[in-house]
Every structure is written in structure tokens, then in C-alpha cells.
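Here the structure is laid out as C-alpha cells; the discussion comes afterwards.
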Amino acid sequence: YGTPHTSFLTRDNSVYDLPSPISVTSSIPLLPPQRNPHTLVEVTSFAALNKFQPFNVAISSNVLLLLDFHSHLTKSEVVGYLGGRWDINSQLLTVLRAFPCRSRLGDAETAAAVEEEICQNLFMRGLSLVGWYHSHPFSHALPSLQDIDTQMDYQLKLQGTNNSFQPCLALICGPYYPGNQGMESKISPFWVMPPPEQRPYDYGIPMEVEVTYIQDGFLTNDVLHEMMLLVEFYKGAPDLVKFQEMWGPEQTYLDKLKASLAARTPKDQGFGHVLDQVYSLLKHSS
């Protein structure tokens with residue numbers, strides 16, 4: 001099912017003052033000039049290039065709920081992996097589970113242990129590694145040149161042997177970007193179209209992936225447990241979001257989190273009191 005590698009968790013993610021996102025319809029030359037790896041790039045639709053999306057994607061609401069929750073907790077970038085299944089006959093990639101990385105970007109020691117634990121979790125659940133997610137806490141949910149590079153690397157690692165094709169999906173969550181509409185986080189799925197063979201050192205084109213969202217029947221114990229572990233992990237951290245502070249004129253950061261998660265809840269509403277326990281923990285830990 002493929003093993004995550006640690007390059008993403010150990011990379012440098014310093015925040016820069018970024019120029020406006022660039023728009024592309026062909027591969028992006030690396031040189032000249034040397035490009036800032038944190039430059040954001042607009043995603044392109046397959047239709048704009050007269051192409052069909054080469055695979056279908058279905059994502060469960062519990063995946064979005066957990067990664068959105070994770071992304072709200074800290075002012076720093078977070079990362080996690082996506083588990084699911086690839087059906088070669090129907091060309092359908094189903095994303096069933098998010099696996100948040102409870103480690104800090106750049107912490108190589110912890111990264112290896114965290115990724116090993118996620119591998120075991122995937123294996124125990126009979127899932128394959130099908131992608132990854134990360135957050136851009138205060139900026140556009142658009143890929144940077146570095147994200148495009150990382151995604152291309154994952155696509156090559158996951159594509160399988162004997163020229164078989166297995167896609168790898170990337171999700172970016174932008175919880176606190178002021179340009180978002182309303183209180184819901186922007187979550188952007190993308191995939192990279194490789195550069196042409198004659199220009200192998202170019203960055204590929206980040207393509208907007210159309211997905212079907214499937215509302216789960218209920219909130220699993222797995223997801224709730226993961227939420228509790230995340231609250232514990234960030235407790236007392238200097239970059240922990242202070243949920244009692246004001247996010248907008250009338251809403252606290254906790255109100256903002258609740259409103260965003262409300263769009264990703266399961267059909268069974270009986271879980272409300274359990275989420276209230278999580279929110280209560282958040283209030284007291286920030």
C-alpha cells in the first residue's frame with residue numbers, strides 16, 4: 001500500500017510575504033529566475049486544457065471533518081495522510097480516513113515514528129495510502145511551487161509498478177484565510193499534470209480535481225479519538241489558536257470552528273454532545 005516518506009514532514013515551511021498567486025496553463029520553468037518555492041499557483045480545470053479528469057474521486061465527510069478540525073487548532077501548518085481504496089476497474093479513488101500527523105514540521109525524529117504508526121493503522125484497516133493533506137492557515141488554499149513538487153514526488157511513488165496507474169490526491173485546507181466566504185474553511189483538492197518529457201525539470205501544472213462528497217452515517221469512535229489526541233498534542237503550545245478570543249466582530253474562534261465543521265457532519269445528529277465535550281476541552285486548553 002505504499003509507505004509515506006518523511007520529506008514532507010521534515011521540509012522547511014517558513015512563512016513568506018507572498019506575491020499574488022500565479023496562473024498557468026503549461027508547465028512552470030524552474031529557471032530562470034530562481035523561483036520562490038512558496039509562490040502560490042492557481043489551479044487549472046481539466047476542461048480548460050481540453051482534457052478529461054483521468055480518475056474519479058469520492059471523499060467521506062468524516063475525512064473532511066477531521067482534517068478541518070486539525071487545521072483549525074494551530075496557527076502553524078499541519079499535515080496528515082489520506083487512507084482509502086483505488087478501484088482500477090471503475091477508476092474510482094475513495095478517500096475513507098484522514099490520519100493527522102501529530103508531529104511538528106521539521107522534526108525528523110518524531111516524523112519517522114509518526115509515519116510508521118500511520119502505516120500500521122492503514123494496514124490494520126485494510127486501507128491504502130491514497131494521498132495527503134496540509135493546511136495554509138491564513139492564506140489561499142492553493143498549492144505553492146513546493147507543494148506541487150511534493151505532490152509530483154508522491155504521484156511517482158504511488159503510481160505502482162508495471163505501468164499501472166494509481167492516483168494520489170492532495171488536499172489543502174485554508175481555515176482562517178480572510179478571503180474565504182462565510183465561516184467554512186476552503187478545502188481544495190488538486191493533482192499535478194506532469195511536465196512534458198522534453199522539459200523534465202519544470203514544475204507540473206496543478207489541476208483542480210472534481211470530487212463527490214459522501215455524507216457519512218455517523219461519527220466513528222476512531223475520528224473522535226483522533227480529535228481528542230490532537231487537542232492533547234497541541235495543548236499549551238505557543239501557536240495554539242486561542243478559541244475564546246474573537247475571530248470576527250461577533251464570533252469567537254470556537255464559533256468559527258463549529259460553523260466550519262457543521263458543513264461536514266454525518267447524518268446521525270446524536271453525536272452533538274460528544275463534540276461539545278471536545279469543544280469544552282479546547283476552551284480549557286487554549
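Taking 0.36 nm per residue of separation and subtracting the current Cα-Cα distance, fully stretching the chain between ASP153 and SER90 would add 20.2 nm. Could you please report the charge total around SER45, scoring K, R as +1 and D, E as -1 over all other residues with beta-carbon less than 10 angstrom from its beta-carbon? It works out to a net charge of -1. Other residues with beta-carbon under 12 Å from the beta-carbon of LEU219 carry, at +1 per Lys or Arg and -1 per Asp or Glu, a net charge of -2.
In square nanometres, what is the average projected area of the Cα convex hull of the stretch 116-252?
Numbers: hull surface 47.7 nm².
So the Cα hull casts an average projection of 11.9 nm².
Estimated from helices alone, the mean residue ellipticity of the chain at 222 nm is -9000 deg cm²/dmol (sum of -39500 (n - 2.57) over DSSP H runs with n ≥ 4, per residue). Using the Cβ-Cβ distance between HIS225 and SER45 with R0 set to 30 Å, the FRET efficiency works out to roughly 0.20.
Ratio of alpha-carbon Rg to the 2.2 N^0.38 Å globular estimate for the chain, to two decimals, please. Don't skip to the answer; put the middle values down first.
On the way: Rg = 18.6 Å, N = 286, 2.2 N^0.38 = 18.9 Å.
This ratio for the chain stands at 0.98.
Only Cα pairs under 8 Å and 6+ residues apart enter the sum, and on that basis the relative contact order of the chain stands at 23 percent.
Would you be so kind as to identify all helices of the chain, as entire DSSP H runs, whose Cα atoms reach 18 Å or more along the helix's own axis and whose mean Kyte-Doolittle hydropathy is at least -1.0? Please list the in-between numbers first.
On the way: long enough: 108-124 (24 Å, 0.31); 145-158 (20 Å, -0.65); 221-234 (20 Å, 0.56); 272-285 (20 Å, -0.06).
The qualifying helices are 108-124, 145-158, 221-234, 272-285.
By DSSP, what percent of the beta bridges with both residues in the chain are antiparallel, rounded to the nearest 5? The antiparallel proportion sits near 65 percent. Residue ranges 62-73, 203-214 sort as 62-73, 203-214 when ordered by packing (mean number of other C-beta atoms within 10 Å per residue, highest first). With a cut-off of 11 Å between beta carbons, the residues surrounding LEU96 carry a summed charge of +1, where Lys and Arg count +1 and Asp and Glu -1.
Each peptide in 246-255, 181-190 receives the mean, over its residues, of other Cβ atoms within 10 Å, and ordering these scores from highest gives 181-190, 246-255.
In this rough spin-label picture, where each label sits 7 Å from Cα along the Cβ direction, the ASN121-SER280 distance is 2.5 nm. Modelled label positions at GLU197 and GLN251, each set 7 Å beyond Cα in the direction of Cβ, lie 5.1 nm from each other.
Just to verify a number: FRET efficiency for PHE52 and PHE138, C-beta to C-beta distance, R0 = 30 Å, to 0.05?
Working: r = 35 Å, r/R0 = 1.16.
It comes out at approximately 0.30.
Centre-to-centre separation between the Cα atoms of the stretch 49-71 and those of the stretch 186-207: 17 Å.
From the cross-link list LYS75/LYS283; LYS235/LYS267; LYS242/LYS267; LYS75/LYS267, which pairs have alpha carbons spaced over 21 Å apart? Walk me through the numbers on the way to the answer.
Details: LYS75/LYS283 16 Å; LYS235/LYS267 30 Å; LYS242/LYS267 30 Å; LYS75/LYS267 30 Å.
Going by Cα-Cα distance, LYS235/LYS267; LYS242/LYS267; LYS75/LYS267 fall outside the 21 Å limit.
Extending 7 Å from the Cα toward the beta-carbon at both ASP268 and GLN215 defines two label points whose distance is 1.5 nm.
A short reminder: the numbers here are calculations on the coordinates, not readings from a lab. Note that the structure is predicted; figures quoted are calculated from it, not measured. So basically every Cβ, Gly included, is an ideal-geometry build from the backbone, and we count neighbours across all protein chains shown.
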